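Have a look at the structure below before the remarks.
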Amino acid sequence: MSLVGTVETSEGPLAELWKEYGKADSRWLVSDPTIVSLELLTVVLCPLIAVLLIYAVLHTKYYRHFLQISLSVCELYGGWMTFCPDWLMGSPHLDTSSWLYLWVYLVFFNGLWVLVPVLLLVRSWSSLKQLHDITPDDVTTHRKKM
């Protein structure tokens with residue numbers, strides 16, 4: 001919507017959803033260049049990584065954790081760059097006067113985009129640590145079983 005106009009002037013159910021969120025973060029109503037840039041990354045690159053990650057998880061591919069870490073970092077970076085510049089300016093675009101806007105729209109919904117990547121990073125860390133902890137004897141034993 002922001003590439004061909006603004007959410008504020010758009011029509012339809014998706015526009016209405018973003019207009020509602022725009023009550024908490026007004027940058028989503030206009031074509032804010034930082035938000036549009038980050039959303040292009042999120043809408044184009046992240047789904048491609050996510051599809052590859054699903055395939056890697058389902059088929060136990062060696063590159064699963066590389067993709068999982070890449071996707072998680074991408075999402076965390078997007079969240080940071082969405083909010084940090086606004087925080088540094090004193091949050092002029094964020095409406096925190098309403099309990100709904102602050103705790104549901106800004107904290108809960110955006111918090112999910114932090115919690116899930118952090119959990120995935122912890123999972124990858126744990127799996128990679130287990131791989132590192134394998135001793136040469138474990139590898140020899142495993143090869144003999146094959």
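Each value in this text was obtained by applying a stated rule to the coordinates, not by laboratory testing. Bear in mind the structure is a predicted one, so any value in this text is a computation, not a measurement. Here the Cβ is made from the backbone with ideal geometry for all residues, glycine too, and neighbour counts use every protein chain on show.
In table form, for the structure just shown:
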quantity: Folded to 0 to 90 degrees: helix 136-145 orientation relative to the chain principal axis, Cα; calculated: 70
quantity: Length gained when the stretch Leu112-Trp80 is fully extended (0.36 nm per residue, less Cα-Cα span); calculated: 10.2 nm
quantity: Between 0 and 90°, nearest 10: helix 64-88 axis offset from the chain longest Cα axis; calculated: 30
quantity: Lysine pairs within the chain, Cα separation less than 26 Å, 8 or more sequence positions apart or different chains; calculated: 5
quantity: Estimated FRET transfer efficiency when R0 is 30 angstrom, pair Glu11-Ser98 (beta carbons, to 0.05); calculated: 0.75
quantity: Formal net charge of residues neighbouring Leu120 (Cβ-Cβ distance under 11 Å; K, R +1; D, E -1); calculated: +1
quantity: Residues whose placed amide H lies under 5 Å from that of Asp25, excluding near-sequence neighbours; calculated: Asp95
quantity: Net length gained if the chain between Phe66 and Lys19 were fully extended (0.36 nm per residue, minus Cα distance); calculated: 13.3 nm
